[in-house]
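S.K.: Sharing a structure, written as structure tokens. Questions coming.
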Amino acid sequence: MKFKDIEDYRKNTLNVVVSEEKIREAVKKTGQSLNEIYDGTPLLLVSILKGAFVFLADLCREITVPCEIGFMAAKSYYEGTSSSGDVTITMDLQQDISNYHVVIVEDIIDSGRTLKSIAEILKGRNPASLRVITLLDKPERREVDFKADLSLFTIPDLFVVGYGLDYAEYYRNLPYVACIES
């Protein structure tokens with residue numbers, strides 16, 4: 001769904017679920033943890049586009065060990081508020097990851113299908129190690145057996161936007177995570 005006009009966009013009420021300050025603190029702490037875990041070992045941070053790009057940008061600035069950035073894109077939401085159940089890889093990594101410590105950086109896990117698919121694909125490419133870090137986790141929505149190595153925030157079953165997450169491509173630019181009430 002696209003908004004008809006700016007007033008249609010503005011009519012929605014946004015209720016903050018995770019504040020900008022809490023996100024900033026959690027991202028800093030996560031960066032410090034990765035620095036300790038990998039202690040000088042080069043990393044490949046893989047962002048799942050589009051939603052995780054803001055999280056990745058902030059996280060990589062907190063990392064002091066050498067790191068490279070890679071991007072993958074997958075789709076399971078098609079301009080709606082619930083997953084279609086079909087995961088399509090729309091952009092894949094082009095590099096050999098067999099000598100990398102790979103950290104998948106994701107925005108949100110709800111059904112788990114998308115991330116489970118991506119993790120299986122990357123594990124099959126024999127990385128030195130593979131971890132999954134997600135900004136948000138909605139475990140009550142899980143439809144497959146999948147758990148991130150680190151979840152910064154666990155949230156209830158709400159449709160959220162902001163900090164990279166969108167509704168029909170809008171709201172990604174919010175510095176916090178919020179749910180929409182029309």
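S.K.: Mind listing whichever residues of the stretch 1-34 are touching a Cys at 6+ places or on another chain (Cβ under 6 Å) and at pLDDT 95 or above?
M.R.: Val17
S.K.: Inspect all residues belonging to the stretch 29-48 and state whether any of them is among the charged types (D, E, K, R), within 30 Å of Tyr170 (Cα to Cα) and in contact (Cβ under 8 Å) with a residue 24 or more places away in the chain.
M.R.: no
S.K.: Turning to a different aspect of this structure: State whether the residues of the stretch 145-160 include one that is in contact (Cβ under 8 Å) with a residue 60 or more places away in the chain, within 20 Å of Met72 (Cα to Cα) and crowded, with 20+ Cβ neighbours inside 10 Å.
M.R.: No, the conditions are met nowhere in the stretch 145-160.
S.K.: Of everything in the stretch 89-121 that's surrounded by 20 or more Cβ atoms within 10 Å (Cβ to Cβ) and among the acidic types (Asp, Glu), which residue is nearest to Leu136 (Cα to Cα)?
M.R.: It comes out as Asp107.
S.K.: Could you tell me whether the stretch 57-73 includes any residue that is open to solvent by less than 50 Å² (accessible area, probe 1.4 Å) and in contact (Cβ under 8 Å) with a residue 60 or more places away in the chain?
M.R.: The answer is yes, given that some residue of the stretch 57-73 is open to solvent by less than 50 Å² (accessible area, probe 1.4 Å) and in contact (Cβ under 8 Å) with a residue 60 or more places away in the chain.
S.K.: Just for the stretch 166-177: of the residues that are at pLDDT below 95 and in a strand (DSSP E or B), which one is most open to solvent (accessible area, probe 1.4 Å)?
M.R.: Tyr170
S.K.: Here's a follow-up. What residue, among those in the stretch 131-140 that are part of a strand (DSSP E or B) and of a type outside the set (Val, Ile, Thr), is most open to solvent (accessible area, probe 1.4 Å)?
M.R.: Step by step, filter the stretch 131-140, then rank; the result is Arg131.
S.K.: While we're looking at this one, here's another question. Are there any pairs, at least 6 apart or on different chains, whose C-beta atoms fall under 6 Å, with the first in the stretch 100-117 and more than 23 Å from Thr41 (Cβ to Cβ) and the second buried (at least 24 other Cβ atoms within 10 Å of the Cβ) and of a type in the set (S, T, N, Q), and if so, which?
M.R.: Sorted first by the residue in the stretch 100-117, then by its partner, the pairs are Ile109/Thr134.
The values are calculated or read from the model by the stated rules, or taken from the named source; none is laboratory data. Since this is a predicted model, take the numbers as computed values, not measurements. Glycine gets a Cβ as well: all are built from the backbone with ideal geometry, and neighbour counts include every protein chain shown. Side chains included, ligands, DNA and RNA excluded: accessible areas come from the protein's heavy atoms. Shrake-Rupley method; radii C 1.70, N 1.55, O 1.52, S 1.80 Å.
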